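Visitor: Shown below is the structure under consideration.
The values are calculated or read from the model by the stated rules, or taken from the named source; none is laboratory data. It should be emphasised that the depicted structure is a prediction, and the values quoted were computed from it without experimental measurement. Note that we place each Cβ from the backbone using ideal geometry, even for glycine, and neighbour counts take in every protein chain shown. In case anyone asks, the SASA skips ligands and DNA or RNA and just uses the protein heavy atoms, side chains included. Shrake-Rupley method; radii C 1.70, N 1.55, O 1.52, S 1.80 Å.
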Amino acid sequence: MGFSMPDNDAINKKIQEMMAELDAKSQPGAPVRRSRGGRLRTKGAKLEDRLLWPIGILAIAWLQLIVNQIFFGGRWYWLVYPRALNGIPGIFLSAFSHQGWAHLIGNSIAFCIFSWLILAKSAKDFWITFLIGWIGGGFLCWLLGPQPAHGLSGVVYTLFGYLLWIGWLEKRFLTFLLSLFVCVNFSYLLWGVLPTQAWVAWWGHLFGFGLGIFAAYGLYREPNGARSRKLPS
């Protein structure tokens, strides 16, 4: 058996990893963890992972529509039926059901944009706001809605309401710019909370927008750095 010389590239790579790990450990604000591939990552790198979360949520809605179109001929919907026992599952499922591709694509684009804007600020704020819009919006549509409805637009309006309000509450420069950006570029969505189109579930938009403002009041942080307040009871 012969003796082979060590791979210089592998040695250099290992030394660089060790130096990076030592340097990171010397900085208390940058904890280190290893990925499956052995690469070093800091907490700041988690933002890249967060950007995939909305896509994972949307995968449910896209899968539902694909199955509906291929196997059910566009007749398989997850509707929330107001004040009916058979409408209770729709509280949880209706957000992931859509009338067609145009309906789903429009909601998907807005959902990704608003989700990424919130995730850039706080993962906690995103998940709480999303859950409030999903479960809370579905429940209000079941309790108060005038007719069956479905679609992710109620959740989109929850995210929109949060983004529109959070900057005015926190009074921080970057968060204020975030709200101002949403206000300038997406204020036209406010028309969606009015009964201007007979085929649009405007009440779901209105419920979602109100829940988004509710979430902003519950999650905003004082300008002096105080921790987030509890949701109002």
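Visitor: Between Trp101 and Glu222, how high is the FRET efficiency from 1/(1 + (r/R0)^6) when r is the Cβ-Cβ distance and R₀ = 41 Å? Nearest 0.05.
Guide: According to the calculation, E is roughly 0.40.
Visitor: Quick check: at a probe of 1.4 Å, how many percent of the accessible area of the stretch 132-190 sits on carbon and sulfur atoms?
Guide: 78
Visitor: In Å², and per residue, what accessible area does the stretch 131-233 have when probed at 1.4 Å with the other protein chains present?
Guide: On a per-residue basis, the stretch 131-233 sits at 52 Å².
Visitor: On to the next question. Let me know the shape class of the stretch 66-123, please: from the alpha-carbon gyration tensor, a ≥ b ≥ c as square roots of the eigenvalues, rounded when a/c is under 1.5, otherwise prolate if a/b is greater than b/c, or oblate.
Guide: In terms of gyration-tensor shape, oblate.
Visitor: Same structure, new question: Expressed in nm to one decimal, what extension gain is obtained for the pair Ala123 and Leu180 from 0.36 nm per residue of sequence separation less their Cα-Cα distance?
Guide: Full extension of this stretch gives 18.5 nm more.
Visitor: I would also like to ask the following. Per residue Cα convex hull volume for the stretch 139-223, in cubic angstrom?
Guide: So the per-residue hull volume is 84 Å³.
Visitor: Using just the Cα positions, wrap the stretch 125-189 in a convex hull and report its mean projected area in square nanometres, one decimal place.
Guide: 5.0
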